[in-house]
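For reference, the structure discussed in these notes is given below.
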Amino acid sequence: MIPRHQKFLFSILLLASLVMGVALWQLRDRAHQRLIAGQDSAPTSAPEVAPAEQATLVVANDADSSLLTQVHSLPLPDDPGARARAVLGKLLDLYAAADATHKVAGGGSSVTQVFLLPAQEIGASAKPKSGDSRSGNSKPSEAAASQNTQTGPQLAVVNLTGSFAASHPSGIQTETLTILSICATLHANLPRVTQVRFLVDGQQRATLAGHADLTRTYLAADAVPSEGTHP
Amino acid sequence: MPVRLAIRPFFAACNQTLRGGALALACVAFAAAGQPASAQPAPPPPSGPPARFVVVLDAAHGGDDSGGRLNSGQLEKVFTLAMTVRLRSLLSARGIQVVTTRDSDAAVEPNRRAEIANHAAAQACLSLHASESGSGIHLFASSLAPAQSARFPAWKTAQATFVTRSLALEGVLNSALLHAGMGVTLGRTTLAAVDSMTCPAVAVEIAPERGSNQAVTTELDDPDYQARVAGALAAALLEWRTEAHQP
């Protein structure tokens, strides 16, 4: 004979098992619905790709130490900074190719960012003129500065990866050609870029690979070759 | 950014003298009169040209900075030092006073190299480099735009007042190297040490000789090639001395 309290306990356990079974079934259904909902929100169309445009690349050649202009078709974003990065990425992809005329490892991913800032005339004093501090002259000055930001010359700050600098061949000629081709390519595709500075992993670095000075500001227009000229 | 000034060699020599104390008054008197002076006036060599002619040889890299690695496994710092020693011997044998920025495997900062060159009041400064890229000899003058002579030029662009003379020296070196049958590439570059030198300065980068198919025909470690390069550079500097002493 089964005692009464055991029957009662068995009934409670059976009831709890049934309740837990139902709850588990419902939780499973909910998880399934969430999964289906997530699949519905997944993109079903490819992201928009920037239209291909003609980009001018100034390519270095170690054999005769020259810079040659080449035109390539590649997708270019509208944003000037992204555009500059895309162009330099293509240039460094050419240098990483097996048949490159100027062999540098790393490729397009070696350019981390390109920042475009309003350029200051080299040698110009950063000190404001005496009249600018007065309230009456501040608004025209700000308007001029704003206009200068939109249409004036720009300084491009090119942030390279440390691995690119570490793997760059050492030598005056090869380092100079890399720097000049980057400057000239930027100026050819973004004519407002008149000055270029370089960072490596976000930090200033003395030289690219032991020779070419990376602490100075390069004038982009000086790097543009006339036609296959030597730097 | 700290601004350093390229003190003229004369005033630098005065600084050394003033530290010594003994000749301070004489040095100040010379400075007031605007006449050249040197810390240790040396008598002119009896058979050489009357004026003092000094060449600075800068063996690039050194110490922790080994520069590039050449195909033979040799480091660029070792190669440049060996070439400096070879060239110094040739120049000294011809009565040219030579000042070197380093005589051993020591680390020398670019600013220190420029200081040594500027204190020497040299008529020619050569910075010797080596590379496996390219072909023949690469001659580089500073890419700074020529500027008017200034009493206290900015340290980082002190070479600007000498760029025209540096390009002339580059031309003389080019002629001598071509005459010796070597391929030469001329260019402009930015080297921190050269840009701070107050003398006609050229960076000489020695690369292997290559044939028309870009295959290496003469390696950098070829003693004959090194001798030919050193001989041509010495001949160029003798020519430069002759030009410098012409009225």
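Data for the structure
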read-out	value
Average other protein chain Cβ within 10 Å of Cβ, residues B:127-137	5
Relative packing of B:90-98, B:157-165, A:68-76, which averages over residues the other C-beta atoms within 10 Å, highest first	B:157-165, B:90-98, A:68-76
Residues A:T161, B:T80 arranged by fewest to most Cβ contacts within 10 Å	A:T161, B:T80
Other protein chain Cβ atoms within 10 Å, averaged over every residue that makes up A:174-180	5
Two-site FRET efficiency, A:S163 against A:A23, from Cβ-Cβ distance with R₀ of 51 Å, rounded to 0.05	0.40
Formal net charge of residues neighbouring B:Q97 (Cβ-Cβ distance under 11 Å; K, R +1; D, E -1)	+4
Under Karplus coefficients 6.51, -1.76 and 1.60, residue-wise ³J(HN,Hα) of region A:157-168 in Hz, glycine/proline x	9, 9, 9, 9, 7, x, 5, 5, 5, 5, 9, 5
For peptides B:197-208, B:134-145, sequence by mean Cβ density within 10 Å, most packed first	B:197-208, B:134-145
FRET efficiency, 1/(1 + (r/R0)^6) with R0 60 Å, evaluated for A:A50 and B:S72 via beta carbons	0.80
Hz values of 3J(HN,Hα) by residue in region A:71-76 - Karplus curve (6.51, -1.76, 1.60), Gly and Pro given as x	10, 10, 9, 8, x, 10
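Every number here is computed from the coordinates shown, using simple stated rules; none is lab data. Keep in mind that this is a model prediction, so the values were computed, not measured. Reconstructed Cβ throughout: ideal geometry from the backbone, glycine too, with neighbour counts over all protein chains shown.
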